[in-house]
Every structure is written in structure tokens, then in C-alpha cells.
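A short worksheet on the structure shown next.
The values are calculated or read from the model by the stated rules, or taken from the named source; none is laboratory data. What you see is a predicted model; the values in this text were computed from it and never measured. Glycine gets a Cβ as well: all are built from the backbone with ideal geometry, and neighbour counts include every protein chain shown. To get the accessible areas, we keep the full protein, side chains included, count just its heavy atoms, and leave off ligands, DNA and RNA. Shrake-Rupley method; radii C 1.70, N 1.55, O 1.52, S 1.80 Å.
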Amino acid sequence: MDIALKRENYKLLRTVKDNSIEECVEADFSLPEYMPEILRIIKSTAQPKVNSCKAVGERVTIDGECELRMIYTAEDGGIYSFTQSRPFTRHCENIVFNDATDINSEITVSYVNCRATSTKRAEIKAGLVIKFSAFLDETEEIISLEENTCIEEKCVPVRAMSLGCKKTRAFSMSDTISLPVSCAFIISARASASCSEIKKISNKIMVKGDAIIEICYVNASDKTCTERIRHSLPVNQILEFEGMEERFTGNVTLNVTAVDVIQKNEQDGNGTALDIALGIDASVCMWEEKELVVISDAYAVGGSIDLKKKSYLFFTPLDEIRDTYIFRNDFQVSGEGVSKVLGSTCELSNITVKKENEMLCLCGSLTISALIKDSSGTISNINKILDIKYERKADYEETEIFCEPQLTVLSLDCIEKGSSGIDIRAEIGVTATVFGKIYIDAVTDITESENQAKRNSNAITVYFPEEAESLWSIARRYNTTVKAIAEENNLSGDTTENLKMIFIPAV
């Protein structure tokens, strides 16, 4: 028996995220003569940035810097800021890196401690957690039969998404902005980027969107006051991705990996303009839709074959999300209350995905850090963790889904609410592709059996089926075909429902 098989590749995306290392950065601050003495440290921050992330074999090396910042008040009641940058280089080894098609890194700050050792000196220490995500494509072979009248096959049609391209490319942006009010010290700088349009051209993608940077700084004329500026930079990049094809569908997500803000000072030492530089990673995940026919069972008519089987996982397309979620909340401040919010930053963490009833829920935590002035004029910093929940209609039948969303805080507003509360409004961009996960036990290989079954010589066999027995199982048992049984008994369905007896012809 000549068995000719056709084979088609189907690619799955596998993600390995359990690679993390810790890094400690520290600095001794010695304030210059022109800065006043430390009265009270009100906040300390660590802002890491990635300069490069390179993979060689089983090792990934990350080079970066961490900007350590101390914000304090002096005897004059003003707000002052002092920073130092500390470089770091770390590497992580894992055998999966050797086969990864793409590797991403993410740095989070686990703690920041700062203490004054004198009125002009301070020590600051921060802990960083560097996480590496390795993305691998796993190629499965889906078999089908060439023209072969001797083998009956049971097939399952599957509309599946095969991985086309998963890559990350880095690019940079810069700009100079003039300030409406002169800057004495920068308090914070936060940036986000979002993609609004993509266009595929051969193996290149044209990415359009916006990068938004929010800067809080101390007013040079009144150091008890802060100013906030929000600046938008248009993103218009053409990036090359190896393996990219125009027929693929998918998303491009933008992640800001580095933020640099430098004051352009005049002779009085105050800044009238700011030089901004951003490092951005563009991650592309593209898929190829395939109409596959999977063989779930097969047998030889009048002979014997051996089957090899395994369980396949298929991703089926369910939903494409590009949305903006407006998060609103408020909280009370104890003590002397709030007379003014001087500045605020935030961080998203612990994002989870689940399907509840007919809703897709993306849940997580939003940590708010707000610099406030109370009714007595005292400046302090408060932190608050708030729960967020984005919901979307999910009326698809699949109960098991695959989704790796990206949530990005596009803007944050914290304003006073009465005399003791803070009102929060955050605009959060949501980008995600939702897949259903389908498992099918499929045939992976068909070979002629060494032990050939003896052919049934009877022309017709009388068979008394059980209630609603499948024609496939009967045909397989008697080495005939479903078509032959159906034609012999004038059946239109796939079962023997309401039949007490059928005739099984030999083929």
C-alpha cells in the first residue's frame, strides 16, 4: 500500500518569563555649595533605563543606567531635587535564549531608600528587578493524505492562527521644548508611547503614533510651587522585521525604555528649555491565518495501518483590542488634608486576564505616588495602590483563552477633592489579541502495518446497532467506508438513530 502524505507547518508562540535577576544601585549625594541644606527628605525615586539588550547564544546582556533622585525641602520652604546616574550591566543565562526568536527586558523598582547623613550629604539605595521574556516559535507538522482510496480519514476543520513574525526593534526620539515658566529643578519625568496606525510594506512596517512625556518641575521664581508640562512627539518610523510578510495580521506595541530630560540653563542657573530624549522598543507580533484540516482518526479499507497521534494546541482568532480605558477613583488623605497636589506619578503592575461569564476582564494594580502640600504648608509624599478592571464583551464560546495584553498609562491627572481628598483620572491604552485555545488529538503519521488484517469475504453483513451509533465507528470496525454503509441503507445522517438493523457491505 502506497501512502503519500502532505505536510503543512503550523507555528505556535511559546513565552518563557521566569528569567529574572536583581540589581542594587546606590550613590552618596554630596550637595554643591549653591544648593541649600537638607531640612527633610520628602521623596526618593529610581528611574531605570535600558541602553541595550543583546543576546549571544544562551546569554542575554543588558546595559543600562538608573537615575537616582532625592527630593527635599529646605529652611526657606522650597522644594529641591538632586540626581545622580549609575550605570549597570547584568547578564542572564538560560538554554531557551539560544532558540528564542525575540527577547524582551523589563525593569521594575522593588525599593528605594534614602537618608540624610548630614545637612549636605545623603545616601540613596535602590533595588531593581530585571525580567527577561523569551519568545520561541514551535513548529508543528499537520499531515493530510494525497489521493488514496484505500484509507478512510476522519477530519476536523480548524481555523487557526500560525505565528508569522515576533520581533522587537529599538529606536530613539528627541526634541527640545520651551518652558512657559523657568525651571529650577526637575521633580519627575514620565513617558508613554502608543501606536495608532501600521502599514506593512514587504518586510517593513511603517509605524505611526504618539509619544507623550509629562514633566513636573519646580518653579524657579517660587520654589514652593511646581509646574507641569505635557508634550507630545509624533511617531513616524519605518522599521524592518525579518520574516515579515504583507499578508500577516497583528499588532505593534510601543514601550518606552529610556527617558532623558536635560535642562538648558541660562546664566542664572534656571532652565528655560528642556532637551528630551526617548528610547522606544517596537514589538511586532504578526500571525498568518490558516484553514487547516486535521486528521483525528484513520483506517485502511481491507488492510491495516499504524497511526501515531499527539495532542495539538491551536490558537483561533477571537478578538482584536485597541481601546482607551478611562480610570477614575478617589481617596482620602489623613492628617492635615490636602491643599494642593504638587506632582504625581503612577505605575501599572500585576496585570491578569480572565473570562467571567460573557466578559473579558483585565485586572491589575495602579500605584499612585502624589507629592502634596497640606493645610499647614507641609510638603509630603503619599502612595496609594488602587485596583483597576477593564471589561469587554466576550460572547465567544471558548472558555480557555490566550491573551497577553499591553496596558499603558497615557495620561494621569491628580487634583484636590475638597480639603482632604485626591481625585484620580488616568487614561489607559489597552492593546491585545485574544485567541481561543483548542486541543485536538490528531494523527501525526500513517504507515502500513506489518500485521495486515484479513479481509472480510462476506458481501454483506447484517448488523444490529446500538442507539445512535456513529457510522464512522461501524465502518472502521468492519473495514468498509461510511459512504458505502450510507448508500446501502439509504442514510443521510452520521448515526444509526432510530434504526434497529443495518446492512454493512464489503468494499
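On the protein heavy atoms, probe 1.4 angstrom, tell me the percent of accessible surface of the chain carried by carbon and sulfur. The computed percentage sits at 43. Solvent-accessible area per residue in segment 30-109 equals 49 Å², computed with a 1.4 angstrom probe and all protein chains kept. Over 25 Å apart at the Cα level, from the set K6/K309; K49/K166; K120/K340; K11/K49, are K120/K340; K11/K49.
With 10 Å bins beginning at zero, the pair-distance distribution over Cα atoms of segment 7-67 amounts to 11, 30, 24, 16, 11, 5, 2, 1 %. Taking the three principal axes of the alpha carbon atoms in segment 113-207, the coordinate ranges are 91, 35, 19 Å, sorted in descending order. log₁₀ I(q)/I(0) of segment 382-471 at q = 0.17 Å⁻¹, via Debye over equal Cα point scatterers, no solvent, to two decimals? The calculated log intensity ratios at q = 0.17 Å⁻¹ are -1.03.
On alpha carbon coordinates alone, what is the Rg over Rh value for segment 254-374, Rh being the Kirkwood radius? Over the Cα atoms of segment 254-374, Rg/Rh equals 1.24. Accessible area per residue was computed with a 1.4 Å probe on protein heavy atoms; D387 scores about 120 Å².
In a DSSP loop and with at most 16 other Cβ atoms within 10 Å, the chymotrypsin sites (Phe, Trp or Tyr not before Pro) in segment 1-90 are Y34.
As a length-normalised measure over Cα pairs under 8 Å and 6 or more apart, the relative contact order of the chain settles at 14 percent. Along the chain, counting only trypsin sites (Lys or Arg not before Pro) with a DSSP assignment other than H, G, I, E or B and at most 14 other Cβ atoms inside a 10 Å radius, the longest segment between sites is 1-246. Computed over the chain, the range of Cα coordinates on each principal axis works out to 108, 48, 39 Å, biggest value leading.
For segment 30-163, the alpha-carbon coordinates run over 94, 29, 18 Å along the three principal axes, in decreasing order. Between beta-carbons, use under 11 Å as the cut-off and find the net charge around K340, counting Lys and Arg +1, Asp and Glu -1. Residues near K340 contribute -1 overall.
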